[in-house]
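S.K.: Mind having a look at this structure? Questions to follow.
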Amino acid sequence: MAAFKEIKLRINSVTTTRKITSAMKMVSAAKLNKAQRNIAGMLPYSTALHHVLHSLLLAEGDISTPLAVQRAPQRVAIVVFSSDSSLAGAFNSNVIKELRKAVQQYKHLPQEQVLIYTIGKKVFEAARKQGYTIAQNFEGLAPNPHYDTVSQLADELISLFNSKQLDQVEVIYQHFKNAGSQILTHEDFLPIQLSQVGTKKAAKAGLLADYILEPSHAELLAELLPKSLKLKLFAALLDSNASEHAARMIAMQTATDNANELVSDLTVEYNKSRQQAITNELLDIVGGSLK
């Protein structure tokens, strides 16, 4: 009887856990749908802005901007995106591992010269535990993306770069490809690679019209490049947010499937034990009647 009760209690426990993971999966799916709508809503503006930049850069040819100046890295900033909560599979651990690799690349620099900007409670806790120099932590921004906050961060980074207080800025985040795939991304934020911004695709798309611009190309780029950087940082935040919900949805689906399998195995074990006990009781009764 004791074995029966233990198996029954375990079945009830796993069933309760299965209900929780199933509910968390549905919540993550709803949040993922909202995150995907946010990304889709940003795409038209992002596409138009990049087309204008492509056109300006290709039309002007060789052009210089303080945001594209290459300097030997003596003071570096790394902006890292994670989540505030766990139960999202390897979402946070992969970001933290990439952060460690990034910091290791600058081991020749004093630790205080590598500044970490954390967006997400998990990466903040990991960075603090590792003893990294945390320039700023943005609490509550990961689950609630807000453009104004990201815009202020981008302005700060641009200002520090222009004043030569920063020589390089990098970003680490999970890029949302689809609900089943998130790509860990580590890329440069500053300085800008103008050769990558102005591509031949813009020319092929007919973006290079013979326009007379007022103000000049240089003034327009001085205005548009910071906007592009702000958009890039905000896109990373939206990507990270969508990737978090997708990773959690998959993790909770896997947990629910495992719970279903475990309940099935425990039910079979319970039935076998119960049948064996009944058989033993019958044998005892039959054996006693023959004496």
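S.K.: With the requirement that a residue be at pLDDT 95 or above and assigned to a loop (DSSP other than H, G, I, E, B), what does the range 165-197 give you?
M.R.: Of everything in the range 165-197, those that are at pLDDT 95 or above and assigned to a loop (DSSP other than H, G, I, E, B) turn out to be GLN165, LEU166, ASP167.
S.K.: May I pose another question? Mind listing just one residue for me: the one in the range 71-105 that is among the basic types (Lys, Arg) and not in a helix (DSSP H, G or I) and, of those, modelled with the highest pLDDT?
M.R.: ARG75
S.K.: Does ASN271 meet the test of being without any contact (Cβ under 8 Å) to a residue 12 or more places away in the chain and over 29 Å from ILE183 (Cα atoms)?
M.R.: Answer is yes for this residue.
S.K.: Criterion first (in contact (Cβ under 8 Å) with a residue 24 or more places away in the chain and hydrophobic (A, V, I, L, M, F, W, C)) does ILE7 satisfy it?
M.R.: For ILE7, the condition - in contact (Cβ under 8 Å) with a residue 24 or more places away in the chain and hydrophobic (A, V, I, L, M, F, W, C) - is met.
S.K.: May I pose another question? Given the criterion hydrophobic (A, V, I, L, M, F, W, C), modelled with pLDDT of 90 or more, in contact with a strand residue (DSSP E or B) (Cβ under 6 Å, 6 or more places away or on another chain) and surrounded by 19 or more Cβ atoms within 10 Å (Cβ to Cβ), identify the matching residue among ALA242, ALA255, ALA251.
M.R.: Matching residue, one of ALA242, ALA255, ALA251: ALA242.
S.K.: Find all pairs meeting these conditions: Cβ atoms under 8 angstrom apart; at least six residues apart or on different chains; first residue within the range 176-187 and farther than 15 Å from LYS34 by Cα and surrounded by fewer than 17 Cβ atoms within 10 Å (Cβ to Cβ); second residue modelled with pLDDT of 95 or more and polar (S, T, N, Q).
M.R.: Hits for this filter: ILE183/GLN174; LEU184/ASN94; LEU184/GLN174.
S.K.: Considering the range 198-226 alone, what residues qualify as being at pLDDT below 75 and aliphatic (A, V, I, L, M)?
M.R.: Listed by number, the residues that qualify are ALA202, ALA203, ALA205, LEU207, LEU208, ALA209, ILE212, LEU213.
S.K.: Here's another thing I want to ask about it. When the range 66-109 is examined, which residues are found to be basic (Lys, Arg) and surrounded by fewer than 19 Cβ atoms within 10 Å (Cβ to Cβ)?
M.R.: ARG71, LYS97, ARG100, LYS101, LYS107
S.K.: On the basis of being loosely packed, with under 15 Cβ neighbours inside 10 Å, more than 30 Å from GLU112 (Cα to Cα), without any contact (Cβ under 8 Å) to a residue 12 or more places away in the chain and among the hydrophobic types (A, V, I, L, M, F, W, C), does ALA23 make the cut?
M.R.: Against the criterion (loosely packed, with under 15 Cβ neighbours inside 10 Å, more than 30 Å from GLU112 (Cα to Cα), without any contact (Cβ under 8 Å) to a residue 12 or more places away in the chain and among the hydrophobic types (A, V, I, L, M, F, W, C)), ALA23 qualifies.
S.K.: To continue, here is another question. Filter the range 69-94 for residues that are in contact with a Leu (Cβ under 8 Å, 6 or more places away or on another chain) and of a type outside the set (D, E, K, R) and give the result.
M.R.: PRO73, GLN74, VAL76, ALA77, ILE78, VAL79, VAL80, PHE81, ASN94, listed by residue number.
S.K.: Could you check the range 116-157 and list, in sequence order, the residues that are surrounded by 17 or more Cβ atoms within 10 Å (Cβ to Cβ) and within 10 Å of ASP84 (Cα to Cα)?
M.R.: Across the range 116-157, the qualifying residues are ILE119, GLY120, LYS121, LYS122, VAL123, PHE124, LEU141, ALA142.
S.K.: Looking only at residues in the range 106-142 that are aromatic (Phe, Trp, Tyr) and assigned to a strand (DSSP E or B), which one is modelled with the highest pLDDT?
M.R.: Applying the filter and picking the extreme gives TYR117.
The values are calculated or read from the model by the stated rules, or taken from the named source; none is laboratory data. Since this is a predicted model, take the numbers as computed values, not measurements. Quick reminder, even Gly has a Cβ in these numbers, built from the backbone with ideal geometry, and neighbours come from all protein chains shown.
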